[in-house]
Amino acid sequence: MSTTLPPRLSVLIATANGELSSTLAAMLRRLGLTNTRVARDSAEVFRLLSQSPYDAMIIDNAIGPEDGIAVTRRVRLNAAAPHRGMAVVMVSGDMPPEQGREAQDAGIDEFVRLPATAQILASRLESAIATPRPFVVAPDYAGPDRRRQEEPIDGEDRRAPINRSPKAP
């Protein structure tokens, strides 16, 4: 399968579901990505993130004991974390629209509804990594710009300039 993803991309797969983690790892291998690790719960996510940098995280919202939304929010809001700006792709088989908006507000880059193909996973990873949206840092939000399209602004734009570096306040 052809992809523009760099083969040395390091990906953390975060899901409590062993079958899902195996399936996601197999999809990544089909894409030529072999530098992967699996976390079975939110505590292991933070342990692995403290040990090594990752370019991307694929996270299931039902990871436990913290859900994927809470994990993403903690990752994004930790200004000192070197992984703060990594791509985050959330996977879920059944997520109500309001929870999807909550995930976006936590800072996910992309969303994959399960079941999915390797091609769909690749397109979401490519979108988050090859053509990332600007990284925004605000008092209660850090993550990709939630606007997917440019719209004209009536009046003065009060937002601070967008900074691509996730480490700068």
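Any residue at all in segment 111-127 that's among the charged types (D, E, K, R) and in a helix (DSSP H, G or I)? So far as segment 111-127 goes, yes, one or more of its residues are among the charged types (D, E, K, R) and in a helix (DSSP H, G or I).
Once segment 55-83 is narrowed to residues that are touching a Leu at 6+ places or on another chain (Cβ under 8 Å) and of a type outside the set (A, V, I, L, M, F, W, C), the residue that is surrounded by the most Cβ atoms within 10 Å (Cβ to Cβ) is Asp60.
The residue pairs whose first member lies in segment 1-24 and is closer than 21 Å to Pro132 by Cα and in contact (Cβ under 8 Å) with a residue 12 or more places away in the chain, whose second member is among the hydroxyl-bearing types (Ser, Thr, Tyr) and assigned to a strand (DSSP E or B), and whose beta carbons are closer than 8 Å, counting only pairs six or more residues apart or on different chains, are Ser10/Thr36; Val11/Thr36; Leu12/Thr36; Ile13/Thr36.
Let's see how each residue does on (1) in a loop (DSSP other than H, G, I, E, B); (2) free of Cβ contacts under 8 Å to residues at least 60 places away in the same chain; (3) within 19 Å of Phe46 (Cβ to Cβ); (4) of a type in the set (Asp, Glu):
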site: Pro65; (1), (2), (3), (4): yes, yes, yes, no
site: Arg73; (1), (2), (3), (4): no, yes, yes, no
site: Ala81; (1), (2), (3), (4): yes, yes, yes, no
site: Met90; (1), (2), (3), (4): no, yes, yes, no
site: Glu98; (1), (2), (3), (4): no, yes, no, yes
site: Ala103; (1), (2), (3), (4): no, yes, yes, no
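Within segment 17-37, the residues that satisfy the criterion of being out of contact with any Leu (no Cβ under 8 Å at 6 or more places or on another chain) and crowded, with 17+ Cβ neighbours inside 10 Å are Ser21, Thr23, Ala25. For segment 98-130, filtered to residues that are within 19 Å of Arg84 (Cβ to Cβ) and β-branched (Val, Ile, Thr), the residue that is modelled with the highest pLDDT is Ile108.
Scanning segment 39-49 for residues being in contact with a helix residue (DSSP H, G or I) (Cβ under 7 Å, 6 or more places away or on another chain) and surrounded by fewer than 17 Cβ atoms within 10 Å (Cβ to Cβ) gives a total of 0. Of the residues making up segment 100-113, those that are surrounded by 15 or more Cβ atoms within 10 Å (Cβ to Cβ) and more than 11 Å from the chain's Cα centre (by Cα) are Gly100, Glu102, Asp105. Evaluating Gly85 against the criteria (1) outside any loop (DSSP other than H, G, I, E, B); (2) touching a residue at least 12 places away in the same chain (Cβ under 8 Å) leaves one unmet condition, (1). If only residues of segment 1-42 that are assigned to a loop (DSSP other than H, G, I, E, B) and of a type in the set (A, V, I, L, M, F, W, C) are counted, the one that is farthest from the chain's Cα centre (by Cα) is Met1.
Taking first residues from segment 112-128 that are over 17 Å from Met57 (Cβ atoms) and partners that are of a type outside the set (Gly, Ala, Ser) and part of a helix (DSSP H, G or I), the Cβ contacts under 7 Å between residues at least 6 apart in sequence or on separate chains come to Ala118/Met27; Ala118/Arg30.
The values are calculated or read from the model by the stated rules, or taken from the named source; none is laboratory data. Note that the structure is a prediction, hence the values are computed from the model and not measured. FYI the Cβ positions are ideal-geometry reconstructions off the backbone, even for glycines, and counts take in every protein chain you see.
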